[in-house]
1. Quick one: if you stick a label point 7 Å off each Cα along the C-beta vector at L156 and V21, how many nm between them?
2. For the range 107-156, what is the per residue volume of the convex hull drawn over the alpha-carbon atoms, in cubic angstrom?
3. According to a simple spin-label model (label point 7 Å from Cα along Cα-to-Cβ), what is the distance in nm between Q164 and A358?
4. Report the calculated FRET efficiency for L189 and I294 (r = Cβ-Cβ distance, R0 = 60 Å), to the nearest 0.05.
5. Sorted from fewest to most neighbouring beta carbons within 10 Å, what does the list M247, M211 look like?
6. May I ask for log10 I(q)/I(0) of the range 3-204 at q = 0.13, 0.14, 0.15 Å⁻¹, from a Debye sum over the Cα atoms as equal point scatterers with solvent left out?
7. Relative to the compact-globule scaling 2.2 N^0.38 Å, provide the ratio for the alpha-carbon radius of gyration of the range 339-432.
8. Report the local net charge at K43: Lys and Arg +1, Asp and Glu -1, summed over other residues whose C-beta lies under 13 Å from its C-beta.
Amino acid sequence: MDLSILSSLVVLLQLIGVIVVVAYLLTRSRIFPEILDGYPTVKTQIILILLFGALSIYGTLSGIDFLGARINVRDLGPMLAGLLAGPWVGIGAGLIGALHRLTLEGFTVYSCSLATVFAGLFGGLIWLFKKRKFAGITIAVIFAVLMEAFHMALTLVMCRPFDQALTVVTWVSIPMILANAAGMFVFALMVENLQSERRMQAERDTLMREMERKNTELAIAAEIQQSFLPDTITQVEGFDIAARSVMAKEVGGDFFDIIPLEVVPIAKGQLGVMIADVSGKGIPAALFMALSRIVVRVNATWYGRRPAAAIRDANTIIANDSKSGMFVTLFYGYLDAGTRTLTYVNAGHNPPLHFRAADNSITELEATGIAMGVIGDADYEQAEVQLAPGDILILYTDGITEAENEQQEMFDLTRLHETILASRSLTAKEMSAAILDAVRKFTRGYPQSDDITLMIIRSV
């Protein structure tokens, strides 16, 4: 490239820098969002006409005189105006730049003035073709190149003497085309980045609204699920009962229930006690939990002293309604205060622990059937345990024994046994608190990965 052409290009690029700064400030103004939306108000259109018209004048005044012509970036302002807000804004800015150019001397005055108006018009037509949106980097840069080539062609057609026009075009075409293309590229890049920011912000806003909606729904679900758990623990003479459930998330699949059985013709002092753990977590588990609880509760009330029959029929209903492959492990017992016995069914649940006060031993109430919801015609057996004064039953879900600390160590049964022995003289509520506190101290704040449910039945 010739040295004079290179020096002209450098000067034009310096002019472009000023125009780009002004354009950048426009992109950060309050009116630019409505421009990007494609529907600028009349006030905004007038502002754009004046602004880009002024930039067109600046592009002329700061140009370089050459053989009676002026090397400039006058057309960039109207081009940007048209690409941003349509033909009327582009033509308006072009007319301002053209009228100013008409006041100056030079044999290219008419071709340059006309080209400036065409720059705004063509930019506006592209805006309409793109459905009132900015055309994008590629189209904008190609438009700038073609527009300046058109400008050069007008000069050759309209200006005389032709030899002088040809000389001017030969020397100024490359700097003007490159400078206008560079300025258009930088501005188009800014617009694209701003549009990307807007899209990302819109996506963030949508995501935040969706999260707020889900959080609201989760809060409602958690409140509904919490309402399923007994507000107060029904007590019967001779027993001290306490229960607690701590969800790993807003909602979960663990649940417990105390079922007063006096609503049917059974002697006083009868209770149904239940603890269960649904496979999975979150909303699906909570819904399956609600189904299981209601079905078991209804059947338990109906069958009274026959836990095995209650769980058998409940399992049939749950298995028939379980389309997702979910299941529930459950321990249900019929507590008779008169005989101090618990007649129970363990449907695949963690074996409850029976602390015997007579010899300080701990035994397990093993499973008497498979988890509910697996097989519709599963059979269940019931067993009975005698609860002497001082004996304690500890019903729990695996969220206790499988609670982990930072070293991925589990709380396990050994630590649970130790905690039971250490707190055996406490009330049921105090013992429940002691076990949960032992789990918290063991995990040391490590995130809870599973729901925790605990029920203590103390014979007094």
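Coordinate-derived values only; no laboratory data. Here the structure is a predicted model, which means the values were calculated and not measured. Heads up, the Cβs are rebuilt from the backbone with ideal geometry, glycines too, and the neighbour counts pull from every protein chain shown.
1. Reported label-point gap for L156 and V21 is 3.7 nm.
2. 56
3. Those two pseudo-labels are separated by 12.6 nm.
4. Computed FRET efficiency for L189 and I294: 0.45.
5. M211, M247
6. So the normalised log intensities work out to -0.62, -0.72, -0.82.
7. Values: Rg = 15.1 Å, N = 94, 2.2 N^0.38 = 12.4 Å.
Rg over 2.2 N^0.38 Å, computed on Cα atoms: 1.22.
8. Residues near K43 contribute 0 overall.
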